[in-house]
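Undergrad: Below: one structure in structure tokens.
The values are calculated or read from the model by the stated rules, or taken from the named source; none is laboratory data. Predicted model only: the values in this text are computed from it and were never measured. Cβ coordinates were reconstructed from backbone atoms using ideal geometry, including for glycine residues, and neighbour counts include every protein chain displayed.
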Amino acid sequence: MNLPVDAELVDRAVQRKTLAANLASVFAYRELLRNLVLKDLKLKYRGSVLGFLWSLVNPLAMVAVYTLAFRYILSIGQPGFPFFILLGVLAWSFFANSATMSTGAIIDGGSLVKAVRFPRAVLPLATVLFNLAQYLLTVVVLLPLMFLIYRVPPSGPMLLFPVFLALQVAFIVGIALMLAAATTYFRDVRHFVDIALSLLFWTTPIVYPLSQAPEWLRLPLLFSPMSGFVVAYQRIFYEGGWPDLPVWTAGLMYGLGTFILGTTWFLSLEDRFGEQL
């Protein structure tokens, strides 16, 4: 086909190198993204008798085990302490599962990457949305149950949950993009992530209140990557209070900053993924 002499040639690869253009391209492939998430959800429960009901059984079992362990075995007198623990554990599980699964998002989908042209960011994003669906299914069961058991009254700060959840999702997407890209070049990243998650868990105030840490250590602990989100959930649901400025700062810094950094870095490496698979 002959092009007119004055026709403007457009490099589509260059067009997609901006953050806004890449987001638009991912949105254009939203059906592929949706199908990948639904496929993972169906595969997880395929062949089981209860199917998606397992998502409801899990939080119920967690409530029973944590109540037994902390109230009757360890005899921790802090009211509603199992509720406090579960708020952190669920948020952490969403992050840890997404990070672990994202390391294989590109390399495990190598045949698809080589055969079909689509925004590669769809693959790690699908792992995050799959784990987000799991998290939300658990929260929908857990929170009303906790309100009933521990008589937690609804309060204004609880309206901030979608805000901090959105920031946490942005943070996890940024981490997932970075890990997916890094593992494509260095397979050892998978092993590094397992070690890093073990260390980060204990620098995040999940099994202990931040207020119980030495005063000089509280600010460094708050700025551990997941702490801002976990502390925010504890404040708005367990304490019924508004998150203070340091909590907002940590959440915004990691949520928006990591999303921009992860997306930018992923785009800089995306064109060479095929050579590494």
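Undergrad: For the range 204-223, which positions are within 19 Å of the chain's Cα centre (by Cα) and either part of a helix (DSSP H, G or I) or over 25 Å from G104 (Cβ atoms) (or both)? Step through it out loud before you land on a result.
TA: Taking the range 204-223 first, the residues within 19 Å of the chain's Cα centre (by Cα) are 204-206, 222-223.
The answer is P205, I206, L222, F223.
Undergrad: Shifting gears a bit: Check every one of the helices (runs of 4 or more DSSP H) wholly within the range 79-188 and list those with 2 or more residues that are within 22 Å of V247 (Cβ to Cβ). Reasoning before the result, please.
TA: Details: elements: 81-102, 110-115, 122-149, 161-185.
Qualifying helices (runs of 4 or more DSSP H): 81-102, 122-149, 161-185.
Undergrad: Scanning for something in contact with a helix residue (DSSP H, G or I) (Cβ under 7 Å, 6 or more places away or on another chain), more than 18 Å from F164 (Cβ to Cβ) and among the charged types (D, E, K, R), does the range 192-210 turn up at least one residue?
TA: No, the range 192-210 contains no residue that is in contact with a helix residue (DSSP H, G or I) (Cβ under 7 Å, 6 or more places away or on another chain), more than 18 Å from F164 (Cβ to Cβ) and among the charged types (D, E, K, R).
Undergrad: Still on this structure: Taking the range 232-256 only, how many residues are in contact (Cβ under 8 Å) with a residue 40 or more places away in the chain and either more than 30 Å from L145 (Cα to Cα) or in a helix (DSSP H, G or I) (or both)? Even if it seems obvious, please write down each step before you answer.
TA: Of the range 232-256, the ones in contact (Cβ under 8 Å) with a residue 40 or more places away in the chain are 232-238, 240-243, 251-252, 254-256.
Narrowing the set further to residues that are either more than 30 Å from L145 (Cα to Cα) or in a helix (DSSP H, G or I) (or both) leaves 232-238, 251-252, 254-256.
Total satisfying the criteria: 12.
Residues checked against (1) at pLDDT below 70; (2) among the β-branched types (V, I, T); (3) in contact with a strand residue (DSSP E or B) (Cβ under 7 Å, 6 or more places away or on another chain); (4) within 17 Å of F147 (Cα to Cα):
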| position | (1), (2), (3), (4) |
| --- | --- |
| K39 | no, no, no, no |
| V49 | yes, yes, no, no |
| L53 | yes, no, no, no |
| I73 | no, yes, no, no |
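Undergrad: What pairs come out if I take residues in the range 195-215 that are closer than 15 Å to L87 by Cβ and pair them with residues that are of a type in the set (K, R) whose C-beta lies under 6 Å away, six or more apart or interchain?
TA: As it stands, the answer is L210/R218, since those pairs meet every condition given.
Undergrad: For residues that are crowded, with 21+ Cβ neighbours inside 10 Å and among the hydroxyl-bearing types (S, T, Y), tally how many sit in the range 167-192.
TA: 2
Undergrad: Now for a different question. State which residue is surrounded by the most Cβ atoms within 10 Å (Cβ to Cβ) when the search covers only the range 216-255 and only residues that are polar (S, T, N, Q) and under 20 Å from F81 (Cα atoms).
TA: S227
Undergrad: Given the conditions (1) buried (at least 18 other Cβ atoms within 10 Å of the Cβ); (2) under 18 Å from A96 (Cβ atoms), which single one is not true for I195?
TA: Single failed check for I195: (1).
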